[in-house]
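Here's the structure we're looking at; comments come further down.
The values are calculated or read from the model by the stated rules, or taken from the named source; none is laboratory data. Because the structure is predicted, anything quoted here is derived from the model rather than measured. Virtual Cβ from ideal backbone geometry, glycine too; neighbours counted across all protein chains shown.
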Amino acid sequence: MTTLSAEREIEHLMTLHPKGFDLSLDRVTRLLERLGNPQDRLPPVIHIAGTNGKGSCAAFSRALLEAAGHLVHVHTSPHLVNWHERYRLAAEGGGKLVDDDVFAEAIARVAEANQGQKITVFEILTAVTFVLFSEHPAEAAIIEVGLGGRFDATNVVKRPAVSVIMPISMDHEAYLGDRVELIAAEKAGIMKRGCPVVIGAQESETALQVLIETAERLDCPTVVYGQDFLAFEENGRMVYQDEDGLMDLPLPRLPGRHQYANAAAAIAAVKAAGFEIGHRAAERAMTHVAWPARMQKLTQGKLVDLAPKGAEIWLDGGHNPGAGIVIAEALAEQEEKNPRPLVLISGMINTKDQTGYFSAFKGLARHVYTVPVTNSDAGVPNDELALRAEEAGLSAEPVSSVASALMLLRDSWDGPAPRILIGGSLYFAGAVLAENGTPPT
């Protein structure tokens, strides 16, 4: 496979700068000043933080705005297969992933402006976001936070059109704190005085309280899920409700009940940012939204061809206990509609609560095959991951790869065609999409 020139630029940066995160805004602020502060020349920004659901909210927000005829830039992270996925530039008929030559040129320009100063690669690539988004016309920019909020490199936007905080749970404790209220305080750091805030569905009352108190202290006009807006299923449709009334919409194309709340947060965010979304645009958005590796059904590809005949295969990059719960609920819904034995093929990294993730599937999954995550230095060895699954009360065995798990299943399966969930890490999900030959577009 040909190495793309942007990828070569990034690989070069990786050799120069430390891996990982160094949460501070000083370096990125200094770099952006040298670039003429492109972050101050963006269209209205929808800035999204949270532990789970950030990417889905970004996908719904994009679908809503594009369905209403707006030109939209989208920045998400991490990517699954190619770095280009992080940068979707506005285009008539729907945004497109950045062209390789445009991307490579922007990286080279930003790296040159940095003049070899100490910085992380994520900070350089965030500066690239602002350069690209300021130089290409659009009517809105959706920007997903990388990690935390307060000191995330994206948090240099002074006046976002709206700040959105999606569900908060325990994750990245080493960086953000070991209590949910500390994590909530970090995420609340993207709120800016007087700028609108949308608070998505929160499981933790403590987290919700921190978010509401922060918004009040900053005099932010605030709308809260369950209080000012909500969504629920009725007669096979999704009903969205806020102070403007009801919208009767198709169920979102993204499976799982948790997506109703994600869709609702996006509708509230787009409205709070000052955009009018009519009923027809909202209907179209629900049926056209796409977000790879989030309960994505795999129907074709090299790996799919190895599975037992008639198997149903789902891919999800969710990787913490909160994500495990919503994925298990989505699969339990599938089980109600169409019963099939559930088998997991899981790979995880060592910064996550693996036993907590697996616990969500107790009583639901028949068996777990654990595989190594080969594209991350932090991958948990497959034999160790099998022990974590067993600690959660599941039957588990380590195998060498997804392909071998699928072939083992195919050769030994006896009974109704299984439902297979491949997941446990976004790195792992990306490797699966690449191996299957179905990268995001």
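How many residues does region 15-50 contain that are out of contact with any strand residue (DSSP E or B) (no Cβ under 6 Å at 6 or more places or on another chain), assigned to a loop (DSSP other than H, G, I, E, B) and modelled with pLDDT of 90 or more?
So the count comes out to 4.
Please go through region 106-128 and pick out each residue that is in a loop (DSSP other than H, G, I, E, B) and either crowded, with 18+ Cβ neighbours inside 10 Å or in contact with a Cys (Cβ under 8 Å, 6 or more places away or on another chain) (or both).
Residues satisfying the conditions are Ile119, Thr120.
Checking Leu218 against (1) surrounded by 14 or more Cβ atoms within 10 Å (Cβ to Cβ); (2) touching a helix residue (DSSP H, G or I) at 6+ places or on another chain (Cβ under 8 Å); (3) closer than 30 Å to Arg150 by Cα, which test does it fail?
The one condition Leu218 does not meet is (2).
Return yes or no: is Leu13 touching a residue at least 60 places away in the same chain (Cβ under 8 Å) and either under 17 Å from Ile143 (Cβ atoms) or surrounded by 22 or more Cβ atoms within 10 Å (Cβ to Cβ) (or both)?
So Leu13 does not fit the description; no.
Check region 352-371 and report whether any residue there is surrounded by 20 or more Cβ atoms within 10 Å (Cβ to Cβ), touching a residue at least 24 places away in the same chain (Cβ under 8 Å) and touching a Phe, Trp or Tyr at 6+ places or on another chain (Cβ under 6 Å).
no
Take the residues in region 329-365 that are out of contact with any helix residue (DSSP H, G or I) (no Cβ under 9 Å at 6 or more places or on another chain) and assigned to a helix (DSSP H, G or I); name whichever of them is nearest to Leu421 (Cα to Cα).
Leu331
Considering Leu342, Leu306, which residue is assigned by TED's automatic domain parsing to the domain that holds Ala392, under 18 Å from Ser395 (Cα atoms) and not β-branched (Val, Ile, Thr)?
Testing whether each residue is assigned by TED's automatic domain parsing to the domain that holds Ala392, under 18 Å from Ser395 (Cα atoms) and not β-branched (Val, Ile, Thr) leaves just Leu342.
If we only count strands (runs of 3 or more DSSP E) wholly inside region 193-248, which ones have 1 or more residues that are farther than 19 Å from Pro167 by Cβ?
The strands (runs of 3 or more DSSP E) meeting that bar are 229-234, 237-242.
Taking region 417-441 on its own, how many of its residues are part of a loop (DSSP other than H, G, I, E, B) and either under 10 Å from Pro308 (Cα atoms) or of a type in the set (D, E, K, R) (or both)?
Counting residues in region 417-441 that are part of a loop (DSSP other than H, G, I, E, B) and either under 10 Å from Pro308 (Cα atoms) or of a type in the set (D, E, K, R) (or both) gives 2.
Cβ-Cβ under 6 Å, sequence separation 6+ or interchain: first residue in region 280-296 and exposed (fewer than 15 other Cβ atoms within 10 Å of the Cβ), partner part of a loop (DSSP other than H, G, I, E, B). Which pairs?
Thr287/Arg253
Take Ala263 and tell me if it is small (Gly, Ala, Ser), within 18 Å of Ser163 (Cα to Cα) and crowded, with 20+ Cβ neighbours inside 10 Å.
yes
List pairs: first residue in region 32-53 and touching a residue at least 12 places away in the same chain (Cβ under 8 Å) and under 17 Å from Asn155 (Cβ atoms), second residue assigned to a loop (DSSP other than H, G, I, E, B) and of a type in the set (Asp, Glu) anywhere in the structure, Cβ distance under 7 angstrom, at least six positions apart or on different chains.
Cβ pairs passing all conditions: Thr51/Asp171.
Quick one: is Gly226 touching a residue at least 24 places away in the same chain (Cβ under 8 Å), in the same structural domain as Thr154 (by TED's automatic domain parsing) and under 22 Å from the mean Cα position of the chain (by Cα)?
no
Give me the residue from region 77-105 that is part of a strand (DSSP E or B) and without any contact (Cβ under 8 Å) to a residue 40 or more places away in the chain and, out of that set, farthest from Phe130 (Cα to Cα).
Lys96
Scan region 53-75 for residues that are surrounded by 23 or more Cβ atoms within 10 Å (Cβ to Cβ) and part of a loop (DSSP other than H, G, I, E, B) and report the count.
Number of matching residues: 1.
Which count do you get for residues in region 175-227 that are out of contact with any Ser or Thr (no Cβ under 8 Å at 6 or more places or on another chain) and of a type in the set (Asp, Glu)?
So the count comes out to 5.
Quick one: would you say Ala311 is of a type in the set (Gly, Ala, Ser), surrounded by 13 or more Cβ atoms within 10 Å (Cβ to Cβ) and under 25 Å from His73 (Cβ atoms)?
No, not satisfied.
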